[in-house]
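Data first, discussion second: the structure below is written as structure tokens.
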């Protein structure tokens, strides 16, 4: 087992913060991370490594000072491969939560990891930088999420399978202040609202639509429509008239006309449902319509993804329990005709129980079941900017001409106060960076003269030694060891001297 850390400090020219990237070489594989510095105190040093250097070295003094101001927190634990997880896009960050770990992973069967991938800058899927986020949600899989709340900036987590009996039906997460909450909802303790799993939550106009899925307690497949008002924090039910028959692991997405399209899925006997029909629910008029499809109809499937294309007139499906050459299809919404798109690039394995999100000009597919991560990345990118030619690529590029991803529930325009707050935070960040640079320069100059003064004093003492016994400092070295106790014990810092 080999562990090697390489740190690189970067000050982007167009950003107002300092990023620190780290590369971790572990068990013959390389992993990249993005870490951030933040203030600490002496008893908060968490990481374990040793630094040996001269006691009177300038670097030694600088290190001690830097340890007072920064904690470089690097997590070299590899993110586990998973499926039945959730993904939520907010402010160019794709948040990933929970899921079921693959059978060959020895950590846990059901996970609670919470992390995100930043899409505000370019990256390669061969070198992903995951960012961990604090989380107190119990281990779970098969849940669903949507963005809602008064400002349309809150993640709502509903349902899922868990071994924790006291897990609430709904949780909320606010990325702005990095806080989880259990909202005050009737039935949120499980007493009044059915807890479901393996369904897709769709947000529209502040409401989260939760159709079908598996009832967790009875394990029955259902076709009811639960509606969570994420602003008023109330429950209601949608119409079942002409609704599709019960199923889970189906595909669904919101259309520009405030209608939700449903297709495919598992019928309860582990049999896939065909795509020769799709089902459309009108969120405004609360009614169902069945629509037949034509053309090159895809094979029946479940555990696949459904996403609206950039023009709002097509639907892209990917994956499921099907072969790779049958994984990707497009449904033209103008005539409900299926066709196979032209795609360049290396065709990836077909994944089931993954998640897919349209981010800028890409269909972003995360994790899933049915691929070998030795050969493929956990993240797939399909460039869908050209309807006539899609491209599988390893590189995510942010273009100035890139239009934002389709947002069915647009956030309110920022108020002048929020803009001023943002400017203030930017100025504050610039001030902190400037103060840090100036302080570091003063520290270096001061330490240099202190070091020079100590050197001159030792020279004078060598010529006129005092009567008292001198400490033997020549050749001494200090070993600064920072210990991370994985068992949760208090961290320790020890200083030793070597002759």
With label points built 7 Å along Cα→Cβ from the Cα atoms of residue 334 and residue 232, find their separation and express it in nm.
-> 3.9 nm
Difference of contour (0.36 nm per residue) and Cα-Cα distance, residue 223 to residue 271 | 15.6 nm
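Does the stretch 82-412 classify as rounded, prolate or oblate by the C-alpha gyration tensor (a ≥ b ≥ c root eigenvalues; a/c under 1.5 gives rounded; else a/b over b/c gives prolate, otherwise oblate)? Present the calculation step by step, with values, prior to reporting the outcome.
Values: a/c = 1.33, a/b = 1.12, b/c = 1.19.
In terms of gyration-tensor shape, rounded.
The numbers here are math on the coordinates, done by the rules we state, and not lab data. Just so you know, these numbers come straight off a predicted model, no measurement behind them. Glycine also receives a Cβ, built like all others from the backbone with ideal geometry; neighbour counts cover every protein chain displayed.
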